[in-house]
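The values are calculated or read from the model by the stated rules, or taken from the named source; none is laboratory data. Everything quoted here is computed from the prediction, not taken from an experiment. All Cβ positions, glycine included, derive from the backbone under ideal geometry; neighbour counts span all protein chains shown.
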Amino acid sequence: MTYRSRLLGAAGVCALAVLGANPAYAAGTTAGSTITNTVSVAFQVGGIAQTSTTASDTLTVDRSISLTVAEVGTTTTTVNPGSTNQVTAFTVTNTSNAPLDFALAVAQQTGGAGAHSNTDNFNVSNVRIFRDNPTTGTVGSYDAGDALVTYLDEIAADGSATVFVLGDVALGQANGSVAAVTLTATGREAGGAGSQGAALTQTAGANTAAMDTVFADGAGATDGLRDAAFSAKDDYTVSAATLTAIKSSRIVSDPINGGTNPKMIPGATIQYCIAISNASGSASATSVTVTDPIPANLTYDATFGVKTNGTATIASGVATCAADTSGTGTMASNTVSGTLASVAGGETKTVVFQATIN
């Protein structure tokens, strides 16, 4: 804050009155504003009122640079392997007493704590930043009307903008994998709409007669105090299906012993149990298609057919299918096929068929 003063002196007994006074540290007062205080001195000489005299003090409000960046919401962004344009959202707020531009940058972690009591272990790709359009589309959510940006233009004092960080998730990412991202906004000069302003420079040394610039920001996730920048973290957490398949067989009958202690001899009927399991806590797997070519020394049992969507018990790596199937599969080109609409986390579903040994 800078100031200048003017004082008119007079001799005699006086009474003081302050006119039009403003607080010396008015919160939010616009940078570059002038604040003038005027004092009036009334007095008498020989009991006769004399012409009063005045003195004034004018100061200029300096520019206080501060900002915040905050994650929108309090939870991780859940993503699936192979998904694109996955969104984390932030709010950038100009808490300075002057308009500013803000340069934007996204950094990806290499290990370490994420934003939600988790640990980073992979990076998303194709990272981009979009500014939410506050007047069209779905305000507060990423949509086609939002603009790809590298900076925020002309953000007024106490103004804010919603920023979306988008990234793509590679196929093959394991369930529970975490990619942490950090958005940093850095204050820049305003005044030229449509182009990013110059870097801010803090006024060094003693107070000057001009509007000085003071960096007053706090420390963010990865930046320090009073650096005209602020940063915040968010993260992506992968929700993936974790499927395993077990194929087991049991002999149903043979042409000599029937169903009593049957043996694996030519003509014996074999039942195959294919169990598809999804690990507990995993995302549901949908449109699960199972295909199994029939070997040349087996003949498919068309009478039994292909049965699907049953349950199974698994012990020591061997699956035993229950007789509770509710769907059917197909046989074509000597290949058995069965489709499971979905297999939820912690669930096992089956495909069952029979064949005879040639």
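Miscellaneous remarks
- Out of 277, 316, sole residue that is at positive phi and among the small types (Gly, Ala, Ser): 316
- Residue selected from the range 225-238 under the condition of a type outside the set (Phe, Trp, Tyr) and outside any loop (DSSP other than H, G, I, E, B), by the criterion farthest from residue 86 (Cα to Cα): 229
- For the range 291-325, filtered to residues that are among the hydroxyl-bearing types (Ser, Thr, Tyr) and farther than 18 Å from residue 275 by Cα, the residue that is surrounded by the fewest Cβ atoms within 10 Å (Cβ to Cβ) is 303.
- Top-ranked residue in the range 167-189 [being among the aliphatic types (A, V, I, L, M) and surrounded by 20 or more Cβ atoms within 10 Å (Cβ to Cβ); ranked as farthest from residue 63 (Cα to Cα)]: 169
- Scope the range 108-152; condition within 26 Å of residue 174 (Cα to Cα), part of a loop (DSSP other than H, G, I, E, B) and not hydroxyl-bearing (Ser, Thr, Tyr); matching residues: 109, 111, 112, 114, 115, 116, 118, 120, 121, 122, 123, 124
- Scanning the range 125-184 for residues that are among the hydroxyl-bearing types (Ser, Thr, Tyr) and modelled with pLDDT of 95 or more yields 125, 141, 142, 150, 151, 160, 162, 177, 182, 184.
- Selection status of residue 336, modelled with pLDDT of 95 or more and either of a type in the set (D, E, K, R) or touching an Asp or Glu at 6+ places or on another chain (Cβ under 6 Å) (or both): yes
- Whichever residue in the range 259-290 is surrounded by 19 or more Cβ atoms within 10 Å (Cβ to Cβ) and touching a Leu at 6+ places or on another chain (Cβ under 9 Å) and, among such residues, is nearest to residue 340 (Cα to Cα): 288
- Selected residue [farther than 30 Å from residue 94 by Cβ, part of a loop (DSSP other than H, G, I, E, B) and at pLDDT 95 or above] from 241, 221, 245: 241
- Just one residue in the set 222, 203 is of a type in the set (Val, Ile, Thr), touching a residue at least 12 places away in the same chain (Cβ under 8 Å), closer than 26 Å to residue 85 by Cβ and in the same structural domain as residue 75 (by TED's automatic domain parsing); that residue is 222.
- A single member of 256, 251 is free of Cβ contacts under 8 Å to residues at least 40 places away in the same chain, buried (at least 17 other Cβ atoms within 10 Å of the Cβ), among the aliphatic types (A, V, I, L, M) and over 27 Å from residue 81 (Cα atoms), and it is 251.
- Verdict on residue 98 being surrounded by 15 or more Cβ atoms within 10 Å (Cβ to Cβ) and either in a loop (DSSP other than H, G, I, E, B) or in the same structural domain as residue 211 (by TED's automatic domain parsing) (or both): yes
- Taking first residues from the range 97-109 that are touching a residue at least 60 places away in the same chain (Cβ under 8 Å) and on the phi > 0 side of the Ramachandran plot and partners that are surrounded by fewer than 19 Cβ atoms within 10 Å (Cβ to Cβ) and of a type in the set (Ser, Thr, Tyr), no Cβ contact under 7 Å between residues at least 6 apart in sequence or on separate chains turns up.
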